[in-house]
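So the structure is just underneath, and the comments pick up after that.
The values are calculated or read from the model by the stated rules, or taken from the named source; none is laboratory data. These figures come from a predicted structure and were not determined experimentally. Glycine gets a Cβ as well: all are built from the backbone with ideal geometry, and neighbour counts include every protein chain shown.
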Amino acid sequence: MFIASLFVCLCLLSSGLGFVEIDELRKMVTNPSDNAELWMLENDRVSPRSSIIQRVNAIVARQPANIQNIYRNLVAREKAEDQAKYQSKLMQLRYRNASPQQIQALQQAYQIKTNMALSRQQASNQKNLIYRNAYAWGSTDSRDNSFEWDD
């Protein structure tokens, strides 16, 4: 399961997908129609994230090379940070002798986060279900942020 999650993350990193950096791209784009489309995409919670990313990438392709490079660097940094946070949380759970259910919940949450076929709303709903189940197992307390992430 962990190897599969790592593989998914590496695939996403290598493909240059950038969902969370739309707001930064909007600040760099000067074309009003591109900016308006980016605003709509940033606030879209029902379209599959993969289709949003395709549309963002089309906008990025129309930008000057320096903006494209900056955006790609921002995306790569964000993906690397997400992967590092996931691995750190996984290590923390293992270090604390967490139950297999806790570890599995974190792995499932990360798979949901990286599954770009889901909309932001679908991912949020699935993540919340995992979080509720983790509490039902008695596996977390209010100080445990192992399952937190940005939607």
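Points to keep in mind about this one:
- Meets criteria (modelled with pLDDT of 95 or more, among the small types (G, A, S) and closer than 30 Å to M28 by Cα) for S88: no
- Residues satisfying the stated conditions in the stretch 45-97, i.e. part of a loop (DSSP other than H, G, I, E, B), of a type in the set (D, E, K, R) and within 29 Å of P32 (Cβ to Cβ): R45, R62
- Checking each residue in the stretch 30-50 for being out of contact with any strand residue (DSSP E or B) (no Cβ under 9 Å at 6 or more places or on another chain) and closer than 15 Å to T114 by Cα picks out only S50.
- Meets criteria (of a type outside the set (F, W, Y) and at pLDDT 95 or above) for P32: yes
- The set of residues from the stretch 34-70 being touching a residue at least 40 places away in the same chain (Cβ under 8 Å) and under 22 Å from Q126 (Cβ atoms) comprises D44, R45, V46, S47, P48, R49, S50, I53.
- Residue pairs meeting the criteria (Cβ under 7 Å; at least 6 apart or on separate chains; first over 26 Å from L93 (Cα atoms), in the stretch 109-123; second among the β-branched types (V, I, T) and part of a helix (DSSP H, G or I)): L118/I112
- The set of residues in the stretch 91-122 being small (G, A, S) and at pLDDT below 95 consists of A98, S99, A105, A109.
- Checking E24 against (1) assigned to a helix (DSSP H, G or I); (2) crowded, with 19+ Cβ neighbours inside 10 Å, the condition it does not meet: (2)
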